[in-house]
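*Asks:* Input: one structure, supplied below.
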Amino acid sequence: MSTPALPDGLVAIVKHDCPTCRMVAPVLAELTDADDPLTVYSQDDPTFPDGVKVVDDTDLEVSFAIDVETVPTLLRVEAGAIVARTEGWLRSEWEAFTGRAPLGPGLPEYQPGCGSRTLDPEIAAARSEATGAARLRSRQIDLGEHEDDVEAAFERGWSDGLPVVPPTPARVARMLSGTTRDPDDVVAVVPPDLVECSVEKVAINAVMAGCKPEYLPVVLTAVEAACTDEFNIHGLLATTYFSSPVVIVNGPIRRAIGMNAGMNVLGQGNRANATIGRALQLVVRNVGGGRPGEVDRATLGNPGKYTFCFPEDEPGSPWEPLHVERGLAPDASAVTLFAGDGVRGMVDQLSRTPESLARSLAACLRAVPHPKMALGFDAVLVVSPEHGRVFRQAGWSKSRVRDELLTLLQLDGDDVVRGAGGIAEGLPEGLAGATVPKFGDDGLLLVHAGGGAGLFSAIIGGWINGPGGSQPVTREVRP
């Protein structure tokens, strides 16, 4: 904002609620008789103080524009420019400043001022929101006087089937305070309609999803990752398969925004987990046009198409975190996107050796997405703390666990070709007599998360990999 035109002479900024301002009110009245004209701006009461020329600044426009932090503030203005400033009350300084002495002979020599109303957190936040709202570029929809905001979102197709938070300008501006990025910056070109999506557009959908501003950098990163050629969100939408984006969060930000990596980690109840994944889905729907029954052709889908987001439990993990394994620094915050279907529970309450537990896990992983299919689908294995403890106590690294699983998942071609076992589904008959790996070398991701009680782990099966499918994508979160 440009500095408002201030009158030449002495200018004081005061508020009635400040004891120091009330104390110096007689001094201000005395200065009205000086050669320098005096103008007083009052932050909270346009009738205070008596006997002086008072300008109403209860909207704080002048106080914000000239960066007032303490009242009383006394300025000297020449040719519209501030050339000197003093804050609080110090008799000797006021006398030197005004050229008048003595001033306030009955007052104490010194008394500090009070905080300006511009420092009030609620006022500062409201002003920031109002300023931010004025910068918004998105077209606003005016609803009828009797039209319900939530019902309007359903009727206009902006919802995923659950109520959304109305994205008012103030809410969007508040959401944008969660990032340093410019609202006009293009985050990604969102399929299937290939629409440029700005930071502001992501913020709107984050509001609708119920996010807090501090979640926005994670949502922005998830949108960027989803719209890469490697992840292939367009193909993921168009497939008749179950899958949708799974958002895995690593690094300091997961704790800073209060994500749940423990008990019920893949379930409901945590705002950050629930709304970050939902915001990504709403961006794809509302910006990119990816709606069920249109481009989204899933035969059955899965509940993760509302939201599927969780963090890794790094402090409790026996291994290096996922983002470190994928090339980022330990202190980086990161998002990994995986094209996954629903959660498959894995139970082994008896294995106390890593060899036995690995065999159990491999037996369950073999069913992704069918026991007789191989190489075409990836998987995420979410290892719980109690299962992780078995590997920790045996000293098995993550790479050793993965190598053991991949070795155990070398399939006998005779067992998995079409027709074997009386099952028509399977691999081409030409693979009979061969050994076929269930997963590629990079087709099995291991993540540590979950509650401390329960000898269970989880498998998240993937969509097809390779050029026509989707590969996991990891991106560092930036503010």
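The values are calculated or read from the model by the stated rules, or taken from the named source; none is laboratory data. All values reported here derive from a predicted model rather than from experimental measurement. Cβ placement follows ideal geometry from the backbone for every residue including glycine, while neighbour counts extend to all protein chains displayed. All accessible areas refer to the heavy atoms of the entire protein, side chains included, with ligands and DNA or RNA removed. Shrake-Rupley method; radii C 1.70, N 1.55, O 1.52, S 1.80 Å.
*Asks:* Using only DSSP helix segments of four residues or longer, with each worth -39500 (n - 2.57), what per-residue ellipticity at 222 nm results for the chain after dividing by its residue count and rounding to 500?
*Replies:* One gets -8500 deg cm²/dmol as the mean residue ellipticity at 222 nm.
*Asks:* Taking amide hydrogens as modeled 1.01 Å from N in the peptide plane, which residues meet the under 5 Å criterion relative to T70, leaving out close sequence neighbours?
*Replies:* Answer set, sorted by chain and number: S116.
*Asks:* Need one word for the stretch 423-479: rounded, prolate or oblate. Basis is the Cα gyration tensor (sqrt eigenvalues a ≥ b ≥ c); a/c below 1.5 gives rounded, then a/b vs b/c decides.
*Replies:* Oblate, since a/c reaches 1.5 and b/c is not below a/b.
*Asks:* If packing is taken as the average count of other Cβ atoms within 10 Å, what order do 438-449, 352-363 fall into, highest mean first?
*Replies:* Put in order of decreasing packing, that is 438-449, 352-363.
*Asks:* Let me ask you something else. Express the C-alpha Rg of the stretch 245-335 as a ratio against the empirical globular expectation 2.2 N^0.38 Å, rounded to two decimals.
*Replies:* Normalised Cα radius of gyration, the stretch 245-335: 1.21.
*Asks:* Can you give me the Rg/Rh ratio for the stretch 266-312, using Cα atoms for both radii and the Kirkwood formula for Rh?
*Replies:* Expressed as Rg/Rh, it is 1.01.
*Asks:* Moving to a separate point now. Where the eigenvalues come from the Cα gyration tensor of the stretch 393-437, what are the semi-axes √(5λ) of the equivalent ellipsoid, largest first, in whole Å?
*Replies:* 30, 10, 7
*Asks:* So what is the relative contact order for the stretch 1-58, in percent, with contacts set as C-alpha pairs under 8 Å and at least six apart?
*Replies:* Computed over the stretch 1-58, the figure is 35 percent.
*Asks:* Would you mind calculating the relative contact order of the stretch 1-158 from Cα pairs under 8 angstrom and at least 6 residues apart, reporting the percent as a whole number?
*Replies:* 22
*Asks:* Across 10 Å bins from 0, what is the distribution of all Cα-Cα pair distances for the stretch 305-352, in whole percents?
*Replies:* Result, from short to long distances: 18, 40, 34, 9 percent.
*Asks:* Still on this structure, please answer the following. Let me know the Kirkwood hydrodynamic radius for the stretch 338-389, please, with Cα pairs as the basis and the value in Å to one decimal.
*Replies:* 12.2
*Asks:* Moving on to the next point. Once the principal axes of the Cα atoms of the stretch 52-117 are found, what is the range along each, listed largest first in whole angstroms?
*Replies:* 33, 28, 20
*Asks:* Sticking with this one: I'd like to compare 285-293, 101-109, 238-246, 83-91: which one has the highest average count of other Cβ atoms within 10 Å, and what's the full order after that?
*Replies:* 238-246, 285-293, 83-91, 101-109
*Asks:* A further question on this structure: Taking the structure as given and computing percent of Cα pairs over 45 Å apart, which label from [x] 36; [y] 24; [z] 7 fits?
*Replies:* Recomputing percent of Cα pairs over 45 Å apart here gives the entry labelled [x].
*Asks:* Please report, in debye to the nearest 20, how large the charge dipole of the stretch 278-331 is about its Cα centre when each Lys and Arg carries +1 at its beta carbon and each Asp and Glu carries -1 there.
*Replies:* Dipole of the stretch 278-331, to the nearest 20 debye: 560 debye.
*Asks:* What is the Cα convex hull volume of the stretch 192-278 when expressed per residue in Å³?
*Replies:* Normalising the Cα hull of the stretch 192-278 by residue number yields 113 Å³.
*Asks:* Further, regarding this structure: Go through the stretch 388-402 residue by residue and turn each phi into a ³J(HN,Hα) via Karplus (6.51, -1.76, 1.60, θ = phi - 60°); whole Hz please, and just put x for glycine and proline.
*Replies:* x, 5, 4, 6, 4, 5, 8, x, 7, 6, 4, 5, 5, 4, 4
*Asks:* How many percent of the accessible area of the chain is carbon or sulfur, using a 1.4 Å probe?
*Replies:* Answer for the chain: carbon and sulfur cover 51 percent of the accessible area.
*Asks:* Taking K and R as +1 and D and E as -1, what net charge do the other residues with C-beta under 12 Å from the C-beta of H448 add up to?
*Replies:* My count for the surroundings of H448 gives -3.
*Asks:* Taking K and R as +1 and D and E as -1, what net charge do the other residues with C-beta under 15 Å from the C-beta of N270 add up to?
*Replies:* Net local charge, N270 excluded: +2.
*Asks:* Let me ask something else about it. To check my understanding: the extent here is largest minus smallest coordinate of the Cα atoms along each principal axis. What are those three numbers for the stretch 141-233, in Å, largest first?
*Replies:* 45, 28, 20
*Asks:* Test of understanding: express the Cα radius of gyration of the stretch 57-162 as a ratio to 2.2 N^0.38 Å, with N the residue count.
*Replies:* Against the compact-globule rule of thumb, the ratio is 1.84.
*Asks:* Additional query: Positive end of the charge dipole of the chain (Lys, Arg +1 and Asp, Glu -1 on Cβ, about the Cα centre): tell me which of G258, P371, A124 has its Cα farthest that way.
*Replies:* Result: P371, furthest along the dipole toward the positive end.
*Asks:* Quick one: P(r) of the stretch 1-127 from all Cα-Cα pairs, 5 Å bins, percents rounded to integers, in order of increasing distance.
*Replies:* Going out from 0 Å in 5 Å bins, the stretch 1-127 shows 2, 12, 23, 26, 21, 11, 4, 1, 0 percent.
*Asks:* When all C-alpha to C-alpha distances in the stretch 383-479 are sorted into bins of 10 Å, what percent of pairs does each bin hold, rounded to whole numbers?
*Replies:* 13, 30, 33, 20, 4, 0
*Asks:* Ranked by accessible surface with a 1.4 Å probe, highest first, in what order do E314, E69 come?
*Replies:* E69, E314
*Asks:* Hey, another quick one. Note down the net charge around R475, summing +1 for each Lys or Arg and -1 for each Asp or Glu among other residues with Cβ under 11 Å from its Cβ.
*Replies:* That works out to -1.
*Asks:* A further question follows. Just to be sure I understand: if I project the alpha-carbon convex hull of the stretch 284-435 onto a plane and average over all orientations, what area do I get in nm²?
*Replies:* Mean orientational projected area (the stretch 284-435, Cα hull): 12.3 nm².
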